[in-house]
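Sharing a structure with you now.
The values are calculated or read from the model by the stated rules, or taken from the named source; none is laboratory data. Here the structure is a predicted model, which is why all the values come from computation and not from measurement. Here the Cβ positions follow ideal geometry from the backbone for every residue, glycine too, while neighbour counts run over all protein chains shown.
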Amino acid sequence: MEISPWDIAIIISKLMIYIGIAGSVGGVFIHWLVIQREQPFNLRQHCQLLLFIGIVGTLLNFFMQVGAFAESGLSGVFDPFYNNLLWQSNAGDALLYRLTGLLLALISVTKLTATGQYRNIFAATFMISVILLARSFSIIGHTAEMNLTSQLLLNLHVLLVFCWLGSLWPLWKACGVLSAADLHKVMQQFGYYASYMVSLLILCGLIVAYQLIGSIHSLFFTSYGQSFLLKLALVMGILLIAAHHKFNLVAKLIKSEQATKALARSIQWEMVLALLILLTTTWLTTVVGPDH
């Protein structure tokens with residue numbers, strides 16, 4: 001399977017999009033959990049930086065697709081014919097959804113610590129941005145051909161994945177900021193919500209994957225199916241680490257000072273697997289597809 005420089009550029013830009021959206025969604029989620037404990041744990045700058053990365057990745061992704069279509073070197077990125085062609089296609093719709101969603105999210109997280117009625121306004125704005133961002137993933141590629149129910153399941157799957165994986169860095173940061181007692185409370189609360197999120201995202205993901213792959217034969221004997229199995233193995237790995245947190249390390253937080261360090265190291269490994277999952281996803285959606 002030949003991989004062009006354009007493929008590599010598109011993979012990098014997609015990874016920037018995934019990291020930007022996941023980091024902001026997960027960052028806001030953890031901010032909400034920590035604020036409930038009335039702790040000085042401001043994730044605003046973290047979310048702003050990742051949203052900026054997401055915006056750059058979104059623009060880069062569109063123009064790299066233009067360049068790949070034009071096939072005339074770097075100058076093809078500015079080709080007016082292919083720019084107009086992609087702008088009027090699903091790629092243009094996805095660009096509009098993502099830029100609007102990312103900019104609304106950026107406005108919202110800038111006022112992350114707002115109080116009173118303004119807090120509710122910015123919270124509603126952030127939710128709208130999240131819906132737009134999740135929607136952008138079901139209007140491009142093979143998923144655009146699925147029925148509305150499947151697209152909604154994909155939107156929910158994407159949103160839950162981003163919320164879960166994007167929570168890891170803030171949780172790792174919390175290990176060095178919060179006291180053992182407060183960290184224990186936050187991790188317990190996170191584990192409660194995560195148990196529902198993970199169950200639902202796996203269910204949605206398997207339903208959508210079944211529709212894309214179609215058969216057991218395709219699962220084991222196509223590039224797409226094999227790449228999906230790799231992604232599934234990585235997900236199982238991160239689930240095992242999460243279970244280790246929930247049933248072992250979190251319970252020890254209030255009993256041992258070493259438990260906090262052990263939890264931080266474990267979350268670091270979880271972040272490595274999360275990055276590999278996102279990389280595998282970009283590979284699935286860029287280099288291979290359900291037809292391969």
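Among (1) surrounded by fewer than 21 Cβ atoms within 10 Å (Cβ to Cβ); (2) over 14 Å from Ser24 (Cα atoms); (3) of a type in the set (A, V, I, L, M), which single condition is Ala94 missing?
The number of the failed condition is (1).
Might you check whether a residue that is without any contact (Cβ under 8 Å) to a residue 40 or more places away in the chain and within 21 Å of Thr280 (Cα to Cα) occurs anywhere in segment 147-156?
yes
Let me ask something else about it. State whether the residues of segment 221-230 include one that is in contact (Cβ under 8 Å) with a residue 40 or more places away in the chain and among the hydrophobic types (A, V, I, L, M, F, W, C).
Within segment 221-230, one or more residues are in contact (Cβ under 8 Å) with a residue 40 or more places away in the chain and among the hydrophobic types (A, V, I, L, M, F, W, C).
For segment 266-292, what are the residues that are among the charged types (D, E, K, R) and either touching a Ser or Thr at 6+ places or on another chain (Cβ under 6 Å) or at pLDDT 90 or above (or both)?
If the condition is that a residue be among the charged types (D, E, K, R) and either touching a Ser or Thr at 6+ places or on another chain (Cβ under 6 Å) or at pLDDT 90 or above (or both), then Glu270 is the only one that fits.
Search segment 252-265 for residues being buried (at least 19 other Cβ atoms within 10 Å of the Cβ) and assigned to a helix (DSSP H, G or I), and hand back the single one that is modelled with the lowest pLDDT.
It comes out as Ala259.
Also: Is it fair to say Ala134 is among the small types (Gly, Ala, Ser), at pLDDT below 90 and outside any loop (DSSP other than H, G, I, E, B)?
Against the criterion (among the small types (Gly, Ala, Ser), at pLDDT below 90 and outside any loop (DSSP other than H, G, I, E, B)), Ala134 does not qualify.
Does Tyr196 fit the bill of being modelled with pLDDT of 85 or more, over 22 Å from Lys246 (Cβ atoms) and of a type outside the set (A, V, I, L, M, F, W, C)? Break it down into steps so the answer makes sense when it comes.
Working: modelled with pLDDT of 85 or more: yes; over 22 Å from Lys246 (Cβ atoms): no; of a type outside the set (A, V, I, L, M, F, W, C): yes.
It is false that Tyr196 is modelled with pLDDT of 85 or more, over 22 Å from Lys246 (Cβ atoms) and of a type outside the set (A, V, I, L, M, F, W, C).
Counting only residues that are under 24 Å from Tyr192 (Cβ atoms) and among the β-branched types (Val, Ile, Thr), which one in segment 266-292 is surrounded by the fewest Cβ atoms within 10 Å (Cβ to Cβ)?
Ile277
Any idea which of Ala174, Ala181, Ala144 is out of contact with any Ser or Thr (no Cβ under 9 Å at 6 or more places or on another chain), surrounded by fewer than 16 Cβ atoms within 10 Å (Cβ to Cβ), small (Gly, Ala, Ser) and part of a helix (DSSP H, G or I)?
Ala181
Let's see how each residue does on (1) at pLDDT below 80; (2) closer than 23 Å to Ile140 by Cβ; (3) loosely packed, with under 15 Cβ neighbours inside 10 Å:
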| site | (1), (2), (3) |
| --- | --- |
| Tyr210 | no, yes, yes |
| Ser215 | yes, no, yes |
| Ser223 | no, yes, no |
| Leu240 | no, no, yes |
| His245 | no, no, no |
| Val250 | no, no, no |
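Just one of (1) over 24 Å from Ile19 (Cβ atoms); (2) out of contact with any Pro (no Cβ under 9 Å at 6 or more places or on another chain) trips up Ile202, so point out which.
(1)
Checking Ile107 against (1) surrounded by fewer than 15 Cβ atoms within 10 Å (Cβ to Cβ); (2) closer than 28 Å to Leu234 by Cα; (3) touching a residue at least 12 places away in the same chain (Cβ under 8 Å): exactly one of these is not met. Which one?
(2)
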